[in-house]
1. Kindly provide the Kirkwood hydrodynamic radius of the chain in Å, to one decimal, from all pairs of distinct alpha carbon atoms.
2. Per residue, how big is the convex hull around the C-alpha atoms of the range 133-176? Give it to me in cubic angstrom, could you?
3. Would you compute, for the Cα atoms of the range 1-151, the largest minus smallest coordinate along each principal axis and list the three values in descending order, in whole Å?
4. If one computes P(r) from the Cα atoms of the range 229-272, what percent of pairs lie at distances over 14 Å?
5. Given the range 94-209, report the % of alpha carbon pairs whose separation exceeds 18 Å.
6. Multiply the residue separation of LYS72 and LYS38 by 0.36 nm, subtract the distance between their alpha-carbon atoms, and state the gained length in nm to one decimal.
7. Report, ordered by chain and residue number, the aspartates and glutamates lying within cross-link reach of LYS21, taken as a straight Cα distance under 13 Å and ignoring same-chain residues fewer than 8 apart.
8. At a 1.4 Å probe, what is the % contribution of carbon and sulfur to the accessible area of the range 101-248?
Amino acid sequence: MQWKRQVPVLGMKFESPKQLKNMLCNYDVANEYQLCFKKNDSKRLLVVCCKGACPFMLWATWMRQEVSFQIKSLKIEHNCARNYKLGSIVTYSWIGEHYTKEILHRQKLTIRQLRLEVIRKFGIHVSLSQCRRAKAHAMNLIEGTIIEHYAKLWFYGEEIRRNNPGSTVKMDVQCMPDGLTYFSKFYVCFANVKSGWLEGCRKVLGVDGCFLKGVCNGELLCAVGRDANNHIFPVAWAIVCVENKENWMWFLELLRDDLELGMGTGFTLMSDQHKGLMETVKDVLPCVEHRQCARHIVANFKKRFAGAIFENLFWKACNATTPQSFSEFMQKIERLSPEAHKYLMEKEPKTWSRAFYEVGGHVLQWRMVFLRALIQ
């Protein structure tokens, strides 16, 4: 029942005194009464109006024949005025339970913003300390819910295999000495996507990772291709705790087996300059044509060498079709700044300039947008 419609009724049964008090808090806020718990323990509950002249009274105890907490006596009449300072009956746990979903979707919700939201929605005045504890309580509730969801990943993987025969789903966990099991890695490659890349896409793959921001931190690793229309074609994805050489090794080995890449002969792999990834590619796919993302290079290049002329010359060198034209543009950069020339030459031009490409014929500009779209 909606919280505004909850009203105590004589004979109503509850699982525990806590459930009854939560309902009374909803009733209190909805009608702007100020109730007080005169007797409040694990066996009984006496609730009266804080203003002595008001006849409201509720008495509840445990039932003898069954395990339930029941309202035994009730006088529902009120003759007191409305009150907007509800005192101790509005607890931080009550606020946290009402704002659990909102806090989950708005991780940057501040304590002051939460206080204003409570005033706007419920019309009651609460302190900043109450809101601080309420947010912590909501985060604990969210964490418990997420633990339950992570425990269902095994069932999720089995459903993928059952509904998509031929799909690859791998899950890795860490078993601790205390007997607890923690999530480590999760990999998915759907059968139809796998066959679609093998039969109708270019022999080019882009791999990258991005941060997962929220209650559960981690990294999303993704491999994408380009279809016949030059559109992005997601191939496989994985959730890992951190982006390092070990996790990239695990991801690329599974990707190699799914896409039948072998040693990488005849394929092109595009990535950023992550050290762990670059070393892993040499071990897992030693014969692949490994290229670097030009946009990652130019983004770091602009941070050190400001000026539109540097960026323009970089793109001209990047799109140069012959080693001679590449050298001409690099000489122009060297005349402007020898340090900028040295910086670009250290990035191995054979991995980002079109003039040195063996497979394909154009510079692929991979962006992080496709990773964010995949998360959404």
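1. On the way: mean 1/r = 0.0383 Å⁻¹.
Result for the chain stands at 26.1 Å.
2. Values: hull volume 3.9 nm³, N = 44.
Per residue, the Cα convex hull of the range 133-176 comes to 88 Å³.
3. Ordered largest first, the range 1-151 gives principal extents of 44, 40, 24 Å.
4. Details: 570 of 946 pairs.
In whole percent, the long-distance tail amounts to 60.
5. Numbers: 4509 of 6670 pairs.
Counting pairs separated by more than 18 Å, the tail of P(r) holds 68 percent.
6. Details: separation 34, 0.36 × 34 = 12.24 nm, distance 1.57 nm.
Between LYS72 and LYS38, full extension yields 10.7 nm more.
7. By straight Cα distance, LYS21 reaches ASP41.
8. Result for the range 101-248: 56 percent of the exposed heavy-atom area is carbon or sulfur.
The values are calculated or read from the model by the stated rules, or taken from the named source; none is laboratory data. Since the model is a prediction, treat every value here as computed from it, not as a measurement. Note that each Cβ is placed from the backbone with ideal geometry, even for glycine, and that neighbours are counted across all protein chains shown. Just so you know, the surface numbers come from the protein's heavy atoms only, side chains and all, with ligands and any DNA or RNA stripped out. Shrake-Rupley method; radii C 1.70, N 1.55, O 1.52, S 1.80 Å.
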